[in-house]
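Working notes, beginning with the structure itself.
The values are calculated or read from the model by the stated rules, or taken from the named source; none is laboratory data. Here the structure is a predicted model, which means the values were calculated and not measured. Please note: Cβ atoms are built from the backbone with ideal geometry, for glycine as well, and neighbour counts cover all protein chains shown. Note: areas computed on protein heavy atoms with side chains; ligands, DNA, RNA excluded. Shrake-Rupley method; radii C 1.70, N 1.55, O 1.52, S 1.80 Å.
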Amino acid sequence: MDSLSERLKQAEIDEYNQLIKKIEPKPPVIKNCIWAFIVGGLICVFGQLIINFLMSNGWNQTDAGSGASVILIFLAALFTGLGLYDELGKYAGAGSIVPITGFANAIVASAMEFKREGYIFGVGARIFSVAGPTLVFGFTIAVFIGLLNILFTK
Amino acid sequence: MSKKQGRQTIVFASPPLISSWASLVGPKEGEGPWGEDFDQVLHDYLYDEQTWEKAESKMLKEAVKQAISKRYYQPSEIELLISGDLLNQIVSANYAARELSIPFLGMYGACSTMAESMLTAAMAVDGGFFSCVVAAVSSHHYTAERQFRTPTEQGVQKSATSQWTATAAGAVLLEAVPGGNPRITSATIGQVIDMGQSDAANMGSAMAPAAVKTIKAHFDDLNRSPDYYDLIVTGDLGKVGMALAQELFIREGLLPQPNYSDCGVLLYNDRQDVNSGGSGCGSSAAMLCGPILKKMSEGRINRLLLVATGALMSPTTSFQGETIPSIAHAVALENI
């Protein structure tokens with residue numbers, strides 16, 4: 001008896017899911033991809049221009065790369081603070097989330113959001129509420145790759 | 001004699017009068033199609049406060065104050081305040097009640113709280129326990145966004161099914177007095193319905209079955225046909241949920257097709273970038289305490305069924321993989 005009513009319920013849910021699929025608007029995938037490509041691409045081109053500029057001023061490749069990252073992070077933080085980055089993100093989607101600027105945006109947005117709960121329980125405790133997983137798994141993978149490097153080189 | 005009719009519906013013996021009402025909305029709602037119909041449109045989301053939470057609580061408090069001052073009452077003359085909101089521990093309502101010093105019952109029905117509060121208030125009045133009760137709710141875009149979703153300045157892309165939590169507060173004053181309109185004549189208490197939806201960015205789909213089920217129960221319990229009402233409005237199904245509800249009406253055999261709309265769809269215009277539409281307690285509260293009750297007092301709507309809908313999940317249960325249980329309560333308002 002129980003399994004019959006469960007199956008009936010499941011059939012009802014399946015039927016409803018079909019209806020939702022028919023009715024809900026399709027995400028504008030192509031438009032989103034074009035936006036993401038253009039914005040993400042422009043952010044990267046801008047980064048490259050910074051690297052070229054720094055290298056033409058005598059920085060080496062590694063330092064210029066780090067310098068470009070720092071400048072991009074600063075600018076993303078600034079535009080988040082000015083309330084502009086989320087407007088860009090609305091259109092650009094992955095294009096503004098995936099580059100390093102998106103990471104800066106996630107941290108600064110959290111810090112701004114929780115400032116009203118104070119610097120310790122607000123900003124301090126919750127600044128990585130969005131970026132935290134990236135850090136945890138980024139560090140974990142880094143350690144793992146490092147171990148592989150030790151094991152398999154030499 | 002029992003005032004309950006059928007399984008879920010109550011019919012009031014002496015229908016309480018909605019003697020006054022008030023609505024406060026945020027800037028975005030003020031720019032929408034009904035800007036003129038609200039009592040107050042805020043210029044910014046902080047309302048001269050330090051935090052959004054304080055601003056929301058103040059909006060709720062001011063809505064109550066404005067509603068009762070239209071009848072020249074002092075807060076001390078109001079016997080009961082029934083109120084709720086979307087935040088954890090319904091803080092907006094609690095803190096507003098702290099300032100108002102009116103005996104207080106807190107309500108939580110997510111976005112269905114307006115109907116839940118109104119039907120409870122109507123029972124308190126019709127039951128003869130109180131003669132002067134305020135029902136009020138609020139929601140605020142930024143307090144809800146930070147509690148349920150992501151930090152407000154984070155650049156995320158919203159899906160087309162997502163909804164915009166309305167910044168709005170609404171209050172109605174119910175009185176047991178003879179004469180005058182509109183009155184709350186009946187109400188249907190909804191069941192919690194879960195149709196296995198788990199996408200918190202598509203709450204219209206989760207709530208539509210609950211709304212339709214409550215509407216269907218209302219008509220079955222009262223032996224009414226859907227054309228009894230001039231207008232049936234759901235609280236915040238949005239465009240997606242509204243389209244689903246219209247399909248479900250047909251499947252449930254609700255004929256003739258009711259004259260139906262949704263507060264979340266009505267509250268904003270198409271250029272306002274709200275995707276599927278408005279949501280939150282304030283969505284139904286603002287539409288009711290703004291344009292709809294105004295039209296009822298002008299006699300342009302004489303029979304209204306307000307069906308406020310609520311998605312009863314929390315971020316915690318969502319992360320744990322739970323589906324979204326939903327509820328809808330119906331309140332019938334009539335010019336007798």
| Does A:D2 qualify as being at pLDDT below 90 and loosely packed, with under 12 Cβ neighbours inside 10 Å? | yes
| query | Does A:I43 meet the test of being within 8 Å of chain B (Cβ to nearest Cβ) and of a type in the set (A, V, I, L, M, F, W, C)? | reply | no
| query | Within segment B:131-141, which residues are crowded, with 20+ Cβ neighbours inside 10 Å and either in the same structural domain as B:L305 (by TED's automatic domain parsing) or not in a strand (DSSP E or B) (or both)? | reply | B:H140, B:H141
| query | When segment B:314-332 is examined, which residues are found to be of a type outside the set (G, A, S) and under 17 Å from the mean Cα position of the chain (by Cα)? | reply | B:I327, B:H329, B:V331
| query | Does at least one position in segment B:209-218 carry a residue that is more than 20 Å from the chain's Cα centre (by Cα), away from chain A (no Cβ under 14 Å) and touching a residue at least 40 places away in the same chain (Cβ under 8 Å)? | reply | no
| segment B:229-242 residues that are in the same structural domain as B:V274 (by TED's automatic domain parsing) and open to solvent by 10 Å² or more (accessible area, probe 1.4 Å), paired with ones that are at pLDDT 95 or above and acidic (D, E) (beta carbon under 7 Å, 6 or more apart) | B:M242/B:D262
| task | Taking the options B:I301, B:I327, B:I292, name whichever one is outside the structural domain of B:K70 (by TED's automatic domain parsing), surrounded by 24 or more Cβ atoms within 10 Å (Cβ to Cβ) and not in a strand (DSSP E or B). | result | B:I292
| When residues of segment A:123-136 are filtered for being outside any loop (DSSP other than H, G, I, E, B), crowded, with 17+ Cβ neighbours inside 10 Å and not hydrophobic (A, V, I, L, M, F, W, C), how many remain? | 1
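Would you kindly identify the strands (runs of 3 or more DSSP E) lying entirely within segment B:155-234 that contain at least 2 residues that are small (G, A, S)?
Fully inside segment B:155-234 and qualifying: B:168-175, B:183-188.
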| What is the one condition in (1) within 12 Å of chain B (Cβ to nearest Cβ); (2) touching a Pro at 6+ places or on another chain (Cβ under 9 Å) that A:L72 does not satisfy? | (1)
| said: If I ask for residues that are open to solvent by 30 Å² or more (accessible area, probe 1.4 Å), touching a residue at least 24 places away in the same chain (Cβ under 8 Å) and either more than 14 Å from every other protein chain (Cβ to nearest Cβ) or of a type in the set (A, V, I, L, M) (or both), which ones from segment B:142-178 would you list? | reply: B:A160, B:A176, B:V177
| message | Restricting to segment A:137-148, name every residue that is farther than 27 Å from B:P151 by Cα and open to solvent by less than 80 Å² (accessible area, probe 1.4 Å). | response | A:A142, A:G146, A:L148
| request: Could you please tell me which pairs satisfy a Cβ distance under 7 Å, a separation of 6+ or placement on different chains, a first residue in segment A:51-77 that is at pLDDT 95 or above and among the polar types (S, T, N, Q), and a second residue that is in a helix (DSSP H, G or I) and surrounded by 16 or more Cβ atoms within 10 Å (Cβ to Cβ)? | output: A:S69/A:I100
| request: Return the only residue of A:E113, A:E87 being within 14 Å of chain B (Cβ to nearest Cβ), open to solvent by less than 70 Å² (accessible area, probe 1.4 Å) and closer than 12 Å to B:Q154 by Cα. | output: A:E113
| Does A:G93 meet the test of being surrounded by 13 or more Cβ atoms within 10 Å (Cβ to Cβ), at positive phi and either more than 10 Å from chain B (Cβ to nearest Cβ) or out of contact with any strand residue (DSSP E or B) (no Cβ under 8 Å at 6 or more places or on another chain) (or both)? | yes
